[in-house]
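The values are calculated or read from the model by the stated rules, or taken from the named source; none is laboratory data. Because the structure is a prediction, the values reported are computed rather than measured. We place every Cβ from the backbone using ideal geometry, glycine too, and count neighbours over all the protein chains shown.
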2 protein chains.
Amino acid sequence: MKDTDEFSFLKETFKSLGNQYFDSSGIIVGPGDDAGLVKNTQETIYSVDTSVAGVHFPENLPPEHIAYRSVSTAASDIVACGGILKWILVALTIENSDLAWMRNFVKGLKKFSDDYACPVLGGDLSKGKQQNVAVTVCGAIDQENFMSRDGAKIGDQVFVTGTLGLAKQGLTILKSNSKEIDLSSKYVSKFINPNLNFKFGQAISSYATSCIDVSDGFISDLGHICQASRVGASIDSDLIPIYGELEDALTWGDDYELCFTAPSKAQSDVFNAAKECGVQVSQVGEITEKLELEILHNSRLVSFSKSGYNHFDE
Amino acid sequence: MKDTDEFSFLKETFKSLGNQYFDSSGIIVGPGDDAGLVKNTQETIYSVDTSVAGVHFPENLPPEHIAYRSVSTAASDIVACGGILKWILVALTIENSDLAWMRNFVKGLKKFSDDYACPVLGGDLSKGKQQNVAVTVCGAIDQENFMSRDGAKIGDQVFVTGTLGLAKQGLTILKSNSKEIDLSSKYVSKFINPNLNFKFGQAISSYATSCIDVSDGFISDLGHICQASRVGASIDSDLIPIYGELEDALTWGDDYELCFTAPSKAQSDVFNAAKECGVQVSQVGEITEKLELEILHNSRLVSFSKSGYNHFDE
């Protein structure tokens, strides 16, 4: 794509988008050169996530929210590792050259940048048949505090933050194509504006034995922890705050809450951290030796067709 | 995308793709967790580039070459900064679930990983209407050797590596849809397998005053240097090794050669480095005070309709 108006606009915008946070993020050379140059004082962590129109978000979502949500869902991985957010790279593919669209998209990026004091280190703009936002996120962390998926131990307690199922309801509302969608309702807001509590992630990182963000669905994501840690888990679903149908709440992603494990002696630390950070946290089960994920509902074992995770030999 | 065969395949492949290079790249936790964890001993540089089917490469390009070229064109920015390649992140969007396609794509990634001793730190797989490969590259460099675009000084010599125009001919051949395309011909090979000479980039980085990779076209990319450095340049096009029409060679991108500037006292260093690294380099002009890019052909000024760069007020 040559230097069209949108390209120039994005290029110029990126140069200044969050540049007040360059110093705190160690950025020496920001956007506008072949690469961004960064000084590191800690270990760094990286993740990339793509959001595709009509797949990860409804095609009618306003560009401001496409930007904000795409970056938030990518940055959620930094929370789940216990890191501090350093910077983002945004590779955007759009169908048409539309300056109004771009301005609105940038508005969402700017909001994210300001909400989390996070600079944009660089980006790329391409033309394609479908909106596609690939976001690379970088965080900083001390190695010993990195929360991986593979550290859950038998007897550890299993915790989950927030209420599961809200985002699915938000998506349902967005997809309804109603002309009077309240974007600030708690359901829609949960979908377009996932809550990223970096402070809480960092607080629990010294004692949590494993952590993951609930992006694929609680059962699937806890399954990832169990698989990586070579353990099982027994979950009392009645302890999980949910909205809507139990199966939807436990198998649908998009909530971007945290699911994590910690030894029982750390329970009061977990609840204290939650209180300090303004996070709702629930202890919902424990890690077991048997390589299975048991879900109890009204004290009876339940299984879901959409669980996405019920064996370890995938 | 849930754990389909392709997803599992990619997940498992990524875990081992280039993991023999983890240590040399400082990778502590590789793919498979929420984020990759890296220890840094130098400053780091980052760039992201997206390659879209039908836009950046022909839709009929075999997946092995889509992978190799997409990563190479992204990594070219690390060469242009003078860095050492550390790792890549690959965000892949594909239309259909096709394990054979994925295996072939991974073959190309593996070839790149082996050719450049570069591990894959992580990735993401999404479904979409069009193949889209967003590649984030990380390099390492000492800050004082970072070759930016903004350091060209009046009187500096302008250099270019290789022969410009070969890649366009390669693309023309690929687009011909002939059934007997020789992928190893020097034209096609130039398009699908851009030469990344990290050693040469590093060699010149201590005296080159600016550098860029020729991705948008020589005139456009030298224009980026002039604009960033607030200088002009006078180029004798007869000194530039080209293939095909002069205008095509100077205005078409895809060659991924280096265009750089250095003080005249460094000329012998440049040619010695080129000899040592097996790189063809030509001194093609010099940096001037007048904020214009002058192109001479047979000692007469020429201008091109497609130049993409002939003013500084964009």
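Observations on the structure shown:
- Residues in the stretch A:20-42 that are farther than 30 Å from A:Gln130 by Cα and facing chain B (nearest Cβ under 7 Å): 6 in all.
- Test result for A:Val160, more than 14 Å from every other protein chain (Cβ to nearest Cβ), within 26 Å of A:Glu286 (Cα to Cα) and either surrounded by 19 or more Cβ atoms within 10 Å (Cβ to Cβ) or in contact with a strand residue (DSSP E or B) (Cβ under 6 Å, 6 or more places away or on another chain) (or both): yes
- Cβ-Cβ under 9 Å pairs, at least 6 apart or on other chains, the stretch A:211-235 side under 16 Å from A:Gln157 (Cα atoms), far side of a type in the set (Phe, Trp, Tyr) and part of a helix (DSSP H, G or I): A:Ile235/A:Phe218
- Among the residues making up the stretch A:3-42, those that are surrounded by fewer than 22 Cβ atoms within 10 Å (Cβ to Cβ), of a type in the set (A, V, I, L, M, F, W, C) and more than 25 Å from the chain's Cα centre (by Cα) are A:Phe7, A:Phe9, A:Ile28.
- Scanning the stretch A:116-130 for residues that are more than 8 Å from chain B (Cβ to nearest Cβ) and surrounded by 24 or more Cβ atoms within 10 Å (Cβ to Cβ) returns A:Cys118, A:Pro119, A:Val120.
- Within the stretch A:137-146, the residues that satisfy the criterion of being assigned to a strand (DSSP E or B), at the interface with chain B (Cβ under 9 Å from one of its Cβ atoms) and farther than 15 Å from B:Asp49 by Cα are A:Cys138, A:Gly139, A:Ile141.
- Filtered residues of the stretch B:205-240 (kept if away from chain A (no Cβ under 14 Å) and under 30 Å from B:His65 (Cβ atoms)): B:Phe218, B:Ile240
- Single residue of B:Ser126, B:Ser184 found to be closer than 26 Å to B:Pro62 by Cα, in the same structural domain as B:Gln227 (by TED's automatic domain parsing) and modelled with pLDDT under 95: B:Ser184
- Yes/no for A:Gly82 being in the same structural domain as A:Val135 (by TED's automatic domain parsing), of a type in the set (Gly, Ala, Ser), within 30 Å of A:Phe260 (Cα to Cα) and buried (at least 21 other Cβ atoms within 10 Å of the Cβ): yes
Conditions (1) surrounded by 20 or more Cβ atoms within 10 Å (Cβ to Cβ); (2) within 8 Å of chain A (Cβ to nearest Cβ), marked per residue:
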{"site": "B:Thr44", "(1), (2)": "yes, yes"}
{"site": "B:Val52", "(1), (2)": "yes, yes"}
{"site": "B:Leu89", "(1), (2)": "yes, yes"}
{"site": "B:Asp114", "(1), (2)": "no, no"}
{"site": "B:Val135", "(1), (2)": "yes, no"}
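- When each of A:Val90, A:Val71 is tested for being within 15 Å of A:Val135 (Cβ to Cβ) and part of a helix (DSSP H, G or I), the lone residue that passes is A:Val71.
- Only one entry in A:Ala100, A:Ala75 is small (Gly, Ala, Ser) and either within 16 Å of A:Val120 (Cα to Cα) or buried (at least 24 other Cβ atoms within 10 Å of the Cβ) (or both), namely A:Ala75.
- The set of residues from the stretch B:279-290 being in a loop (DSSP other than H, G, I, E, B) and under 18 Å from the mean Cα position of the chain (by Cα) comprises B:Val279, B:Gln280.
- Conditions (1) part of a helix (DSSP H, G or I); (2) within 13 Å of chain A (Cβ to nearest Cβ); (3) crowded, with 20+ Cβ neighbours inside 10 Å: number failed by B:Lys168: (2)
- Qualifying residue in the stretch A:114-135 (condition: in contact (Cβ under 8 Å) with a residue 40 or more places away in the chain, part of a helix (DSSP H, G or I) and among the basic types (Lys, Arg)): no
- Condition met for A:Ser47 (at pLDDT 90 or above, part of a helix (DSSP H, G or I) and not assigned by TED's automatic domain parsing to the domain that holds A:Leu171): no
- In the set (1) part of a helix (DSSP H, G or I); (2) within 11 Å of chain A (Cβ to nearest Cβ); (3) among the charged types (D, E, K, R), the condition left unmet by B:Arg103 is number (2).
- Flag if A:Glu64 is among the acidic types (Asp, Glu), touching a residue at least 40 places away in the same chain (Cβ under 8 Å) and within 12 Å of chain B (Cβ to nearest Cβ): no
- Taken over the stretch A:95-120, the residue count meeting the criterion of being more than 17 Å from the chain's Cα centre (by Cα) and of a type in the set (Phe, Trp, Tyr) is 2.
- Flag if B:Leu291 is in the same structural domain as B:Thr163 (by TED's automatic domain parsing) and closer than 24 Å to B:Gln169 by Cα: no
- Within the stretch B:225-267, the set of residues being in a helix (DSSP H, G or I), in contact with a strand residue (DSSP E or B) (Cβ under 9 Å, 6 or more places away or on another chain) and surrounded by 18 or more Cβ atoms within 10 Å (Cβ to Cβ) comprises B:Ile225, B:Cys226, B:Ser229, B:Ser237, B:Glu247, B:Asp248, B:Ala249, B:Leu250, B:Ala266.
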